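The values are calculated or read from the model by the stated rules, or taken from the named source; none is laboratory data. Model, not experiment: these values are computed from the prediction. Note that each Cβ is placed from the backbone with ideal geometry, even for glycine, and that neighbours are counted across all protein chains shown. Keep in mind that these areas ignore ligands, DNA and RNA; they rest on the heavy atoms of the full protein, side chains included. Shrake-Rupley method; radii C 1.70, N 1.55, O 1.52, S 1.80 Å.
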Amino acid sequence: MTELAETYACVPSTERGRGVLISGHPKTNKILYTNNRSILILNLDNPLDVSVYGEHGYQATVARYSPNGEWIASADVSGTVRIWGAYNDHVLKKEFKVLTGRIDDLQWSPDGLRIVASGDGKGKSLVRAFMWDSGTNVGEFDGHSRRVLSCAFKPTRPFRIVTCGEDFLVNFYEGPPFKFKSSHRDHSNFVNCVRFSPDGSKFISVSSDKKGILFDGKTGEKIGQFSSEDGHKGSIYAVSWSPNGKQVLTVSADKSAKVWEICDDGSGKLTKTLTSSGSGGVDDMLVGCLWQNDHLVTVSLGGTISIFSAIDLDKSPLKIAGHMKNVTSLSVLKNVPKTILSSSYDGLIIKWIQGIGYSSKLQRKENTQIKCLAAAEEEIVTSGFDNKIWRVRLLDDHCGDADSIDVGNQPKDISLALLCPELALVTIESGVVMLRGTKVVSTINLGFAVTASAIAPDGSEAIIGGLDGKLHIYSVTGDTLTEEAVLEKHRGAISVICYSPDESMFASGDLNREAVVWDRVSREVKLKNMLYHTARINCLAWSPDSSMVATGSLDTCVIIYEIDKPASSRMTIKGAHLGGVYGLAFADDHSVVSSGEDACVRVWRVNPQ
């Protein structure tokens, strides 16, 4: 049996020049955010307590809890809103096609019966309010000519809706049924976010013109604005009210977050500027914020979530980071506690500690893209899309000196001889390149199209897989390869080859969804009929005691086989990663780490029957 032990969450998807909407549970410290097609529910008190909803067919943009916390409404770029249960199996209640373009914001009415959504669309339909159970319209929303970036529902009766957008307008509607009341053109740039105070007496709009303006919640009249002398120096992307309605939190492209005190006359005075250390690049721009009970949450363009304490704003924040894109490689280091390294193709390497979660981002001096990653104890070897192999020294939580080796061709796969890690085998289109340390010792043209390779831990043997599905076994003598045998069983191009830790077996997987375990001495098939995936196999891993082998596939499943049992008595983890599994490793004999297209890393406990 397998069970999910830990999830290391991905971070919110961000976009340059746009705000990101995160929202919170009305009673607890859970927050919602979106990454690609997934909606993530993260508990601020325990960042390992994560739940993921992946039923949207398109990229999700925003999700919000209903006022009673039982339901979640989420929207995507196709203009669809899905309403689903917040607990257990996330049962779908309703699905509505609301707008013709992407939805940028949605809000529940305080009684939980109506939803307003705004965004982009053809014609006039940029905002719609509808009943949550039937989808019938409750009002007409005229007055906007461009994409509507944010909308808000007054949390007390009489109900009001306010919207703002790229036409620099803040529009005020009365209802229900809602109809246009007034429009304000006080901003001189995109209005990014609008929010009502918890008691409904005021609302605030923030804009790319660096201004924040306060309005009366009942009449929609302008009553004041933030003081400008110590205001933001860049676009303000988001705003969030404190639970008592006396303060607001704003975040901006100037990389700072500010807490403002809202006076009764409607002006805003700065009480504190929150800054957090970062790399100093554009990734530190803040694009999203939320004041959730005693936590102040900010999100940077690089996806880092910083959590400040509302009681003690001087305390340095807790930071949670992760991947935003497909996590393509995983590696588990042998130290205790177990350290997991994961990399995504945008060049980000993250170090996780099993049982704790996020540890640090490994900053490399050359932030190139990463296609393959292999790690020995104190060294990481990476290859990107620029014909170079990088050997990077691994220090505690950052990278040391890096050496690059130009192999003259696009590397497809890296394999390290684990007992003598200075020896590495790199596959290129036409053959292989052997590296010792930072020197290319030989480039060998094998005369067939190469797709995968593996080198034995002691460096004495290499197995090279081809586009034709054949496995070629070579003995390594000095810097040359001598062909020993050709094994034919696969019916598709070989995608992955891996030696078992005890060196007695090796396993191979192909694009035609089959995996095979071979005996290394006799070169016979040891475990056959491993044909339970429905799409190509992307990755393969052995348990440290060589008793189990796990395969991960594009079909989102991880399948674990025991070597001494027939393949039919396998253990399957269905839907391990939305979009496919791309990285796989065993942390110990009873836990498997997987990563995939959904940018999450998961640890599974394996208990053989």
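Can you find even one residue in the stretch 108-129 that is surrounded by 16 or more Cβ atoms within 10 Å (Cβ to Cβ), β-branched (Val, Ile, Thr) and under 28 Å from Ala576 (Cβ atoms)?
No, every residue in the stretch 108-129 fails to be surrounded by 16 or more Cβ atoms within 10 Å (Cβ to Cβ), β-branched (Val, Ile, Thr) and under 28 Å from Ala576 (Cβ atoms).
For the stretch 221-231, what are the residues that are assigned to a loop (DSSP other than H, G, I, E, B) and either among the aromatic types (Phe, Trp, Tyr) or more than 16 Å from Leu169 (Cα to Cα) (or both)? Show your work before the answer.
In the first step, residues of the stretch 221-231 are kept if they are assigned to a loop (DSSP other than H, G, I, E, B); the result is 221, 227-231.
Ser227, Ser228, Glu229, Asp230, Gly231, listed by residue number.
Against the conditions (1) over 25 Å from Ala599 (Cβ atoms); (2) in contact with a Gly (Cβ under 7 Å, 6 or more places away or on another chain); (3) of a type in the set (A, V, I, L, M, F, W, C); (4) open to solvent by less than 10 Å² (accessible area, probe 1.4 Å), where does Val549 fall short? Just the number, please.
In the conditions (1) over 25 Å from Ala599 (Cβ atoms); (2) in contact with a Gly (Cβ under 7 Å, 6 or more places away or on another chain); (3) of a type in the set (A, V, I, L, M, F, W, C); (4) open to solvent by less than 10 Å² (accessible area, probe 1.4 Å), Val549 misses (2) alone.
Rundown of residues vs (1) open to solvent by less than 60 Å² (accessible area, probe 1.4 Å); (2) farther than 18 Å from Val486 by Cα, yes/no style:
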residue	(1), (2)
Pro421	yes, yes
Ala424	yes, yes
Glu429	no, yes
Met434	yes, yes
Thr438	no, yes
Gly447	no, no
Ile455	yes, no
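Could you tell me how many of the residues in the stretch 571-584 are crowded, with 17+ Cβ neighbours inside 10 Å and over 19 Å from the mean Cα position of the chain (by Cα)? Even if it seems obvious, please write down each step before you answer.
Step one: of the stretch 571-584, the residues crowded, with 17+ Cβ neighbours inside 10 Å are 571, 573, 576-578, 580-584.
Next, from what is left, pick out any that are over 19 Å from the mean Cα position of the chain (by Cα): 571, 573.
Residues flagged as crowded, with 17+ Cβ neighbours inside 10 Å and over 19 Å from the mean Cα position of the chain (by Cα) within the stretch 571-584 amount to 2.
So which pairs qualify, if the first residue must be in the stretch 263-277 and in a loop (DSSP other than H, G, I, E, B), the second must be loosely packed, with under 14 Cβ neighbours inside 10 Å, the Cβ gap must be under 8 Å, and the two must be at least 6 apart or on different chains?
Filtered contacts from the stretch 263-277: Cys263/Lys269; Ser267/Ser227; Ser276/Ser316.
Restricting attention to the stretch 230-247, and to residues there that are within 25 Å of Asp283 (Cβ to Cβ) and crowded, with 19+ Cβ neighbours inside 10 Å, which single residue is farthest from the chain's Cα centre (by Cα)?
Pass one, the stretch 230-247, residues within 25 Å of Asp283 (Cβ to Cβ): 230-240.
Then drop every residue that is not crowded, with 19+ Cβ neighbours inside 10 Å, which leaves 231-232, 235-240.
Values: Gly231: 32, His232: 29, Ser235: 25, Ile236: 24, Tyr237: 21, Ala238: 21, Val239: 23, Ser240: 24 Å.
In this case the residue turns out to be Gly231.
Residues being over 22 Å from Phe178 (Cα atoms) and part of a loop (DSSP other than H, G, I, E, B): count how many of those fall in the stretch 81-101.
6
Need pairs with beta-carbon distance below 6 Å; first residue more than 26 Å from Val432 (Cβ to Cβ) and part of a strand (DSSP E or B) and within the stretch 386-412, second at pLDDT 85 or above and open to solvent by less than 70 Å² (accessible area, probe 1.4 Å); sequence gap 6+ or separate chains.
Close Cβ pairs satisfying both conditions: Cys399/Val392.
Ala585 passes all but one of (1) in contact with a Lys or Arg (Cβ under 7 Å, 6 or more places away or on another chain); (2) in a strand (DSSP E or B); (3) not aromatic (Phe, Trp, Tyr); which number fails?
Among (1) in contact with a Lys or Arg (Cβ under 7 Å, 6 or more places away or on another chain); (2) in a strand (DSSP E or B); (3) not aromatic (Phe, Trp, Tyr), the lone unmet condition for Ala585 is (1).
Going through the stretch 535-551 one residue at a time, which ones are under 20 Å from Thr328 (Cβ atoms) and polar (S, T, N, Q)?
Asn538, Thr551
Scan (1) out of contact with any Gly (no Cβ under 8 Å at 6 or more places or on another chain); (2) among the basic types (Lys, Arg); (3) in contact (Cβ under 8 Å) with a residue 60 or more places away in the chain for the single condition Arg160 breaks and write down its number.
Status for Arg160: all satisfied but (1).
Return the total of residues in the stretch 52-80 being open to solvent by less than 40 Å² (accessible area, probe 1.4 Å) and either closer than 13 Å to Ala117 by Cβ or assigned to a strand (DSSP E or B) (or both). It would help to see each step written out before you state the result.
The first filter runs over the stretch 52-80 and keeps only residues open to solvent by less than 40 Å² (accessible area, probe 1.4 Å), leaving 53-54, 56, 60-66, 69, 72-76, 78-80.
When the remaining residues are screened for being either closer than 13 Å to Ala117 by Cβ or assigned to a strand (DSSP E or B) (or both), the result is 53, 60-65, 72-76, 78-80.
Result for the stretch 52-80: 15.
If you go through the stretch 464-523 one residue at a time, how many are touching an Asp or Glu at 6+ places or on another chain (Cβ under 7 Å), among the hydroxyl-bearing types (Ser, Thr, Tyr) and more than 23 Å from Glu562 (Cα to Cα)?
Final tally of qualifying residues: 2.
Quick grid of which residues meet (1) over 30 Å from Glu429 (Cβ atoms); (2) surrounded by 19 or more Cβ atoms within 10 Å (Cβ to Cβ); (3) modelled with pLDDT under 90:
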position	(1), (2), (3)
Val297	yes, yes, no
His323	no, yes, no
Gly355	yes, no, yes
Gln363	yes, no, yes
Asn367	no, no, yes
Leu373	no, yes, yes
Glu377	yes, no, yes
Arg391	no, yes, yes
Ala402	no, no, yes
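Return only the number of the condition from (1) at pLDDT 90 or above; (2) over 22 Å from Phe172 (Cα atoms); (3) open to solvent by 20 Å² or more (accessible area, probe 1.4 Å) that Asp89 does not satisfy.
Evaluating Asp89 over (1) at pLDDT 90 or above; (2) over 22 Å from Phe172 (Cα atoms); (3) open to solvent by 20 Å² or more (accessible area, probe 1.4 Å) leaves (1) as the failure.
Here are some residues: Gly143, Gly200. Which one is open to solvent by 30 Å² or more (accessible area, probe 1.4 Å) and either out of contact with any Gly (no Cβ under 7 Å at 6 or more places or on another chain) or not acidic (Asp, Glu) (or both)?
Values: Gly200 fails: open to solvent by 30 Å² or more (accessible area, probe 1.4 Å).
Just one listed residue meets the conditions, Gly143.
List every residue pair whose Cβ atoms sit under 7 Å apart, with the two residues 6 or more apart in sequence or on different chains, where the first one lies in the stretch 313-330 and is within 23 Å of Glu597 (Cα to Cα) and the second, anywhere, is open to solvent by less than 20 Å² (accessible area, probe 1.4 Å) and among the aromatic types (Phe, Trp, Tyr).
Gly322/Tyr8
Please list, ordered by residue number, the strands (runs of 3 or more DSSP E) wholly in the stretch 443-558 having 2 or more residues that are over 35 Å from the mean Cα position of the chain (by Cα) and among the polar types (S, T, N, Q).
Hits in the stretch 443-558: 470-477, 480-488.
Within the stretch 248-262, which residues are without any contact (Cβ under 8 Å) to a residue 60 or more places away in the chain, open to solvent by 10 Å² or more (accessible area, probe 1.4 Å) and assigned to a strand (DSSP E or B)?
Scanning the stretch 248-262 gives Lys258, Glu261.
Name the residue, out of Gly245, Gly234, that is touching a strand residue (DSSP E or B) at 6+ places or on another chain (Cβ under 6 Å) and assigned to a loop (DSSP other than H, G, I, E, B). Outline the logic, then answer.
Details: Gly245 fails: touching a strand residue (DSSP E or B) at 6+ places or on another chain (Cβ under 6 Å).
Being touching a strand residue (DSSP E or B) at 6+ places or on another chain (Cβ under 6 Å) and assigned to a loop (DSSP other than H, G, I, E, B) holds for just one of Gly245, Gly234, which is Gly234.
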